[in-house]
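Worksheet for the structure shown next.
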Amino acid sequence: MKNTIRQIFHSPKFLAGFSILAAMLLVLFIYPLFVTGNPLQMIGLSSFSKPGTYVSVYDAINTTPDIMKLPHADEKRLAAKLSDDDRIAMKEWLVAAGIPEADIDITDTDALLELWSDNYDPSAKPAGMTMAKRNYYKRLNANLEAALKGTEVVVSEEDPETGELNQIKFVKDTDYVNTKDVVNVINLPLGTDNFGRDVLKELVSATKTSIMIGLIAGTIATLIGLTTGLLAGYLGGWLDDLILFITNLFTVIPGFIMLILISYGIGQDKRGATTVAIVIGLTSWTWTTRSVRSQVISLRNRDHVNLSKLSGHSLARIIATDILPYIASYVVMAFILQISTAILAEAQLSMIGLGPKTSEVPTLGLMMNWAMLYSAHTHGYWWAYFPVLMVIALISFSLNLMNTGLDQVFNPTLRD
């Protein structure tokens, strides 16, 4: 046994897959200790907030700023003022003003602004340009002039008696606030989703739930497949015919179609994570049954099995001591594949709206479903779906690496 375990952990593929999975499980257990709270809590009133650190503007105003003059600060402000659409529009104006298109580089902010200040004329009326478009250029020019001047921002407060606004503070472009002095600061490494929920916290919880679904479904499918495969392969006869008939019946009907029908029949309110896991497990045991049966058939007439029969050992003892140890490695590999299959099956079900109900816990499939429903992929909100895809890929990749490593250890024909 020790030698077998040593061989397993000397397999590079198994070790790589195990390390990836162990690192993910470590994060899943450690992260909630530091970031507590309900993963489905809505913390943002807007959808798909970008990843980053968010500081309360209200609290920041009431702090004491430090005066700093950072290099290139003005250039960065100007660059931030100009969106890609603004730069393209400025180029269109300059071309209409007679500037050669080859001389205009919209990626060079300083050069673009220099050309703009030398050539823009608010009174000009280029041919074919509408009034609305000319007004747009006037507003853009006003914003750029204000940014170039580095104007102050006035903070006013309403007088409760007169109702007049009184100036209480000036915020200069050289005022900087330490985030440690701001009372309310939140770090969102993966931003928020369409409901304004912390994607990273949601992703950690969803990964735990999906792995739990995989473990439950994999256990059920493996136990059913192992039991029916052992009975069919060892006993044979009418029982083998009956089990094969049921197995073939389930094989003919696509498993995913059965999953859809059963999940739809259960109803949304009753589809919890555990229920979905049980349904997946009850519909994915057939290939394990057929594989275990073929292995048992090759073992049941071996000399050590016949010796146990002649010795009067019971059926349970023969299976437990003379057959199971020889197929244990195969059962473990089947279990690993069943976990991976179940996680992918849950994701597929949730993508079409037949996964666990959304009011309890998130799953990887549900996160993909929410991102798809609110068109995150078409609007460039990558943080709502890409991390989910990466987690699903890493889980499947690590489990398949572990399975390949085990296969190389236990299958002599695959050894180098």
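Nothing in this text is a laboratory measurement; each read-out follows from the coordinates by a stated rule. Computed from a predicted model, the values in this text were never measured in an experiment. With ideal geometry, Cβ positions are generated from the backbone for all residues, glycine too; neighbour counts draw on all protein chains shown.
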Starting from the Cα of K125, draw a straight line to each of the lysines and keep only those under 24 Å, dropping any in the same chain fewer than 8 residues away.
K91, K133, K138
Given the options I216, T36, L115, identify the residue whose Cα lies farthest towards the positive end of the charge dipole of the chain (+1 on Cβ of Lys, Arg; -1 on Cβ of Asp, Glu).
I216
Treating the angle as unsigned and between 0 and 90°, give the value, to the nearest 10°, between the Cα long axis of helix 273-282 and the longest Cα principal axis of the chain.
40 degrees
If you take every residue apart from P71 with its C-beta less than 15 Å away from the C-beta of P71, what net charge results, scoring Lys and Arg +1 and Asp and Glu -1?
-1
With +1 at each Lys and Arg Cβ and -1 at each Asp and Glu Cβ, the charge dipole magnitude of the stretch 73-149 around its Cα centre, to the nearest 20 debye, comes out at 540 debye
Loop by DSSP (not H, G, I, E, B), at most 15 other beta-carbon atoms within 10 Å: where is the longest site-free stretch of the chain for trypsin sites (Lys or Arg not before Pro)?
173-301
Does the stretch 73-149 come out rounded, prolate or oblate, given a ≥ b ≥ c as the square roots of the eigenvalues of its C-alpha gyration tensor, rounded meaning a/c under 1.5 and, failing that, prolate meaning a/b above b/c?
oblate
For the stretch 137-142, Karplus couplings with θ = phi - 60° (6.51, -1.76, 1.60), whole Hz, Gly/Pro x
5, 5, 5, 4, 5, 5
I need to check one value: relative contact order of the stretch 156-306, counting alpha carbon pairs closer than 8 Å and at least 6 residues apart, in percent.
27 percent
Under the Karplus relation with 6.51, -1.76 and 1.60 and θ = phi - 60°, whole-Hz ³J(HN,Hα) for the stretch 68-73, x at Gly and Pro, equal 9, 10, 7, x, 6, 5
For the chain, what relative contact order do you get, as a whole percent, if you take Cα pairs closer than 8 Å and at least 6 residues apart?
25 percent
Can you give the net charge of the other residues whose Cβ lies under 14 Å from the Cβ of S205, counting K and R as +1 and D and E as -1?
-1
Cβ-based charge dipole, the chain, positive-most Cα from A22, L140, T404:
T404
Taking the 0 to 90 degree range and rounding to the nearest ten, how far is the long axis of helix 84-96 tilted relative to the main principal axis of the chain, both from C-alpha atoms?
50 degrees
Let's see if you can work this out: charge +1 on each Lys and Arg Cβ, -1 on each Asp and Glu Cβ, no other charges. What is the dipole magnitude of the chain about its Cα centre, in debye to the nearest 20?
2540 debye
What do you get for the angle between helix 286-299 and the principal long axis of the chain? Use alpha-carbon atoms, 0 to 90 degrees, nearest ten.
40 degrees
Filter the GluC sites (Glu not before Pro) in the stretch 68-176 to those in DSSP coil with at most 16 other Cβ atoms within 10 Å of their Cβ, and list the result.
E152, E161, E164
The stretch 341-416 and the stretch 65-134: distance between their alpha carbon centers, rounded to Å:
45 Å
Mind jotting down the distance between the C-alpha centroids of the stretch 253-327 and the stretch 183-222, whole Å?
31 Å
In order through the stretch 364-371: 3J(HN,Hα) via Karplus (6.51 cos²θ - 1.76 cosθ + 1.60), integer Hz, x for Gly, Pro:
4, x, 5, 4, 5, 5, 5, 4
[x] 41; [y] 23; [z] 27, with the label sought being that of the calculated percent of Cα pairs over 43 Å apart
[x]
Taking 0.36 nm per residue of separation between Q41 and I257 and subtracting their Cα-Cα distance, the length gained on full extension comes to 74.4 nm
Kirkwood-type radius of the stretch 93-187, with distances r between different C-alpha atoms, in Å:
17.5 Å
Go through V185, P100, P325 and say which Cα lies farthest out towards the positive end of the charge dipole of the chain; charges sit on Cβ, +1 for Lys and Arg, -1 for Asp and Glu.
P325
Mean ellipticity per residue at 222 nm, deg cm²/dmol - from DSSP H runs of n ≥ 4 across the chain, formula -39500 (n - 2.57):
-20000 deg cm²/dmol
Using modelled amide H (1.01 Å from N, peptide plane; none on Pro or chain starts), what sits under 5 Å from the amide H of K169, excluding residues fewer than 5 places away?
V155
